[in-house]
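Worksheet: one structure, shown below.
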Amino acid sequence: MEESFFKLEFIEELNLSHLTFLKKCTSDQYRLAYGQLVELFKSKGHHNHITDTSTMGVIGVEDQQWVKANVVPNMRKFADSTKKLNIALILGDDIFATFAAKNIARNFMDKQNIDIHYFAGETEAFDWFKEESALAA
């Protein structure tokens, strides 16, 4: 699925969803993108995910709370329950956006069988998943 402000895809060979924010977005757009992500988790039951937040902009406190209460718990709920939910966050140069992303992630680190890692770019994030897939094989 692709909108003017985000792109969401599923990569079969890595059992991975990939959400890329293409530009700064409003609260409604942010929630739409993450709502679509939860629906993808519901339909695929996968356990690997990358979000590229590098161009997303700053997210308000209410949206941060919404993600904490709704998105990540539902990703865990619909993910393959026999495996750890692996999330890679690609962070940009905006210190406030980075703080917001880490604020959300901090609530789930080492909890509920969720592993969250931060990366500077997509190549590093994809390499992490390829490495994890090789170790699991």
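FYI, it's all coordinate maths here, none of it is from the lab. Predicted model, so just to flag it, every value in this text is computed and none were measured. Quick reminder, even Gly has a Cβ in these numbers, built from the backbone with ideal geometry, and neighbours come from all protein chains shown.
For the reader, a short list of remarks on this structure follows.
- Read-out percent of Cα pairs over 25 Å apart, derived from the coordinates shown; its label in (i) 76; (ii) 46; (iii) 16: (iii)
- Near Thr98, once Lys and Arg are set to +1 and Asp and Glu to -1 for all other residues with Cβ below 14 Å from its Cβ, the sum equals -1.
- Bridge type composition, the range 6-136 - antiparallel percent by DSSP, nearest 5: 25 percent
- Reachable lysines from Lys24, criterion Cα separation under 23 angstrom, eight or more residues apart if same chain: Lys7, Lys68, Lys102
- Label-to-label distance, Lys68 versus Glu124, with points set 7 angstrom from Cα along the beta-carbon direction: 2.6 nm.
- Listed by chain and number, the lysines placed with their C-alpha closer than 17 angstrom to that of Lys84 are Lys42, Lys44, Lys111, Lys130; residues fewer than eight positions away on the same chain are left out.
- Kirkwood radius and radius of gyration were both taken over the C-alpha atoms of the range 1-78, and their ratio Rg/Rh is 0.94.
- The chain - mean residue ellipticity at 222 nm from DSSP helices (-39,500 (n - 2.57) per run, n ≥ 4, rounded to 500): -13000 deg cm²/dmol
- Amide hydrogen proximity for Tyr118: with H placed 1.01 Å from N in the peptide plane, the residues at 5 or more positions away or on another chain lying under 5 Å are Leu89.
- Cross-link partners of Lys83 among aspartates and glutamates (Cα-Cα below 15 Å; sequence separation of 8 or more within a chain): Asp110, Asp115, Glu132
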